[in-house]
1. Does at least one position in segment 109-117 carry a residue that is on the phi < 0 side of the Ramachandran plot, among the hydroxyl-bearing types (S, T, Y) and either at pLDDT 80 or above or in contact with a helix residue (DSSP H, G or I) (Cβ under 6 Å, 6 or more places away or on another chain) (or both)?
2. Out of the residues in segment 84-103 that are modelled with pLDDT under 95 and assigned to a helix (DSSP H, G or I), state the one that is most open to solvent (accessible area, probe 1.4 Å).
3. List the pairs whose first member sits in segment 133-152 and is within 20 Å of A82 (Cα to Cα), whose second member is part of a helix (DSSP H, G or I) and open to solvent by 70 Å² or more (accessible area, probe 1.4 Å), and whose Cβ atoms are under 9 Å apart, counting only residues at least 6 apart or on separate chains?
4. Quick check on my filter: what residues within segment 122-178 are modelled with pLDDT under 75 and over 24 Å from D50 (Cβ atoms)?
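The values are calculated or read from the model by the stated rules, or taken from the named source; none is laboratory data. Since this is a predicted model, take the numbers as computed values, not measurements. Cβ: placed from backbone, ideal geometry, glycine included. Neighbour counts: every protein chain shown. Note: areas computed on protein heavy atoms with side chains; ligands, DNA, RNA excluded. Shrake-Rupley method; radii C 1.70, N 1.55, O 1.52, S 1.80 Å.
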Amino acid sequence: ASAVRNKLNSRDELQARLLQSNCFACHDRDKLGGIGRFRRPYFETVANVDIGDEGRLPPALTGIGKKLTVASMKSVLAGKTAIRPHMHIRMPVFPTAATKELPELFAAADSIGSQPTEAAVFGNFKSLATEGRALMDAGCVQCHTFKGETLPGTVGVDLAGVTDRVNPKWFYDFLHNPSLLKERTRMP
């Protein structure tokens, strides 16, 4: 009963913090908030790169505690991470006092508990390095930036250091079934 109460408390507190900081003006979480249809045209990409709404609109915050690492969320909230350099509009940097507890609240509200290590999720890195590079060269590089390098056309997020930003289990599950974790994704 206390675990349920703590989970509800973290969800309620998270929602209150998101409301206080007006995060729902741009982001949605559990079908609450978002930019709405009349503000969509303001979210333009540099050079009008076609990345669809998934890469152009502010990301949904539903389940973000399962997806992003706490360290990554802290970096984004502090304005230290430019994950979408292809966008004209930027997320504002809020005072540290207003955001310092958000990453832990997201993690608690989304019930991530302890996450498995990369090795536990992906196995032996040395055996996967060649296969990962082949996958990158054959498919991922067609849409994603890698260490700032990109092909012309569609621009996905930079995959360099993705495991520093994204929890390994979420990333593994996403690679196996993208549409299960991200509705209407362009990710094949």
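1. No: zero hits.
2. T96
3. From residues that are within 20 Å of A82 (Cα to Cα), the pairs are L151/Q142.
4. F122, G123, N124, F125, K126, S127, L128, A129, E131, G132
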